[in-house]
Amino acid sequence: MIDILPNAYLWVKVLHVISVISWMAGLFYLPRLFVYHAEQVEAGTATDRMFQTMERLLLRAIMAPAMLTTWLFGLALVVTPGIVDWSMIWPWSKAAAVLGMTWFHMWLGRQRKAFAQGDNRLSGRRYRLMNEVPTVLMIVIVASVIVKF
């Protein structure tokens, strides 16, 4: 398998970037849905059920597959010979940021379950603040990969 990776490198990279874009779109959008859900929706109403459906489908049908394929294609790039120089800082900073992004994804999943159980305890302001987490992590990832410090 590792022997075919150098020949498939550009296609694996394309699939990785597409996966990342899809995952990031969800990581930006789901907290925004939580802001409106927390601020404008009363638990148990039809609007609450609609938000829960939107949040569940976004997380399960778009974000989870995008996260998994991001990891799959990213790891394929990592094991491609000659791509990553582990003596540099950038692969470590990128890896740390990707782990942070994965933690944030899981945190969003827990918040979705809290809404589904009618037990959300966070304010719209808190979700607005948390919405900045993927932005900061994205900056670290992009700078790491482009600058390769």
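The values are calculated or read from the model by the stated rules, or taken from the named source; none is laboratory data. Every value quoted in this text rests on a predicted model; they were computed, and no experiment measured them. Methodologically, a virtual Cβ is constructed for each residue, glycine included, from the backbone with ideal geometry; neighbour enumeration extends over all protein chains shown. Heads up: the accessible areas ignore ligands, DNA and RNA and are worked out on the full protein's heavy atoms, side chains in. Shrake-Rupley method; radii C 1.70, N 1.55, O 1.52, S 1.80 Å.
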Inter-label distance, nm, simple model (7 Å from Cα along the C-beta direction), A95/I62
3.1
Evaluate the charge dipole of the stretch 1-64 about its Cα centre and quote only its size in Debye, nearest 20, assuming +1 on the Cβ of each Lys and Arg and -1 on the Cβ of each Asp and Glu.
140
Expressed in nm to one decimal, what extension gain is obtained for the pair V147 and T47 from 0.36 nm per residue of sequence separation less their Cα-Cα distance?
31.5 nm
Can you spot the lysines whose alpha carbon is less than 23 Å from K13's alpha carbon? Ignore those fewer than 8 places along the same chain.
K94, K148
Using the alpha-carbon atoms, what tilt in degrees (0 to 90, nearest 10) does helix 90-116 show relative to the longest principal axis of the chain?
20
Please calculate the 1.4 Å probe accessible area of V142, with all protein chains present, and give it to the nearest 10 Å².
80
For K113, counting only aspartates and glutamates whose alpha-carbon sits under 20 Å away and dropping same-chain residues fewer than eight positions off, the answer is E39, E42, D48, E55
Cα long-axis angle, helix 133-147 against the chain (0 to 90 degrees, to the nearest 10)
10
Taking the simple approach of a point 7 Å from Cα along Cα-to-Cβ for both I21 and L122, what is their distance in nm?
2.7
Place a +1 charge on the Cβ of each Lys and Arg in the chain and a -1 charge on the Cβ of each Asp and Glu, then give the dipole magnitude about the Cα centre in debye, rounded to the nearest 20.
240
Ordering of 27-33, 72-78 by packing [mean C-beta count within 10 Å, highest first]:
27-33, 72-78
For the chain, report the convex hull volume of the alpha-carbon atoms normalised per residue, in Å³, without decimals.
100
